[in-house]
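Written out below as structure tokens is the structure these notes cover.
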Amino acid sequence: MNNLDIKSLSLEELKEALKKLGQPAYRAKQIFEWLHSKLITDYDEMTNLSKKLREDLKETFPLITLEKVDSLHSENDETVKFLFRLMDNRVIESVLMKYHYGNSVCISSQVGCRMGCKFCASTIGGKERDLLPSEMLDQIYRIQRLSGERVSHVVIMGTGEPFDNYDNLMRFLRLLTDPIGLNLSARNITVSTCGIPDRIRAFAEEGMPITLALSLHAPNNEIRKKLMPVAMQYDLSEVMDAFRYYYEKTGRRLTFEYSMVEGINDEEAHAKELSSLIKGLNCHVNLIPVNPIKERNFRQTESRRIQNFKNILEKNRINVTIRREMGADINAACGQLRKSYMDKN
């Protein structure tokens, strides 16, 4: 943990850091609130601190903030996709989605991704580096300030595998839910993973009532291997055992993400096999029409077949929805805006 990254420090760590500057403990709470509740982008906005202290903070703790490079606004709904520049000039993307229950932000956890899922634009080019907790937080903070509206839900489903950046993920989650910060309810946060069993089990022990989503995308390990290289390392049975353990420890309903790819995982037999795999679990299945990308030849399953797939799951008493394609007109699928920007630049 970089102690110079002030936005990634807990309140207690901030107290210790300020103590070295000869500052009283109460200053830490003031600064913490400026960073995580009032969402300032410059120390000069901290109006209840002396100019001398603000200058000391600038010198000691360079403030990590994201710069908006671009934003695309959907004409079909109120989805907005943002491209942000990091301090090292790398770029990441985040998405604001507006629902009847509130505003949800989908954030990235890494710059690029090394998981290699065949249908995902985020993995093309591989992983460049992990995001710091401050960089994960600032996606939400910048969007809330830019939109002028409260963010009530967060999904870590953007670029990257969150459990491949586990320590930074946990620090981010604790800061996001801190009562004197943004104070987001842990129950309004979803973490999506492609399935790393030991990290799923460790996450279960953290004691946070967060929704866990598994990028499943196949009813068996053989088909999963064709779509997701991680299945070569972790058998589906091992992943499912860890997922069940998460439910036993937390009591949180499980979510399965299932991208429908024509001719690969969308047959009636696949729906029946999926039903057998998850039957009896307190779970929800999201059927996702796959987003075609030019580097792959995958095609989206036609809507009639997706509906038939859904009907088979429902006959087996499985809670299932077909995910609404929000922001389809602005390429809001994960990794597409970033890849387009990088190709041009």
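The values are calculated or read from the model by the stated rules, or taken from the named source; none is laboratory data. Please read all numbers here as calculations on a predicted model, not as lab measurements. With ideal geometry, Cβ positions are generated from the backbone for all residues, glycine too; neighbour counts draw on all protein chains shown.
Of note:
- Condition broken by R187, with the remaining ones in (1) assigned to a loop (DSSP other than H, G, I, E, B); (2) more than 24 Å from S122 (Cβ to Cβ); (3) touching a residue at least 12 places away in the same chain (Cβ under 8 Å); (4) not small (G, A, S) satisfied: (1)
- Boolean, V191 is assigned by TED's automatic domain parsing to the domain that holds E262, surrounded by fewer than 23 Cβ atoms within 10 Å (Cβ to Cβ) and more than 18 Å from S10 (Cβ to Cβ): yes
- Entirely in region 17-127, the strands (runs of 3 or more DSSP E) that have 1 or more residues that are among the aliphatic types (A, V, I, L, M), in contact with a Lys or Arg (Cβ under 6 Å, 6 or more places away or on another chain) and assigned by TED's automatic domain parsing to the domain that holds I143: 67-73, 91-99, 110-112
- D241 under 19 Å from E302 (Cβ atoms) and not basic (K, R): no
- So R142, is it surrounded by fewer than 24 Cβ atoms within 10 Å (Cβ to Cβ), part of a strand (DSSP E or B) and of a type in the set (K, R): no
- Selection of region 128-139 for residues being without any contact (Cβ under 8 Å) to a residue 60 or more places away in the chain, among the hydrophobic types (A, V, I, L, M, F, W, C) and not in a loop (DSSP other than H, G, I, E, B) yields only M136.
- Summed over region 73-95, residues that are buried (at least 17 other Cβ atoms within 10 Å of the Cβ) and within 19 Å of the chain's Cα centre (by Cα) total 12.
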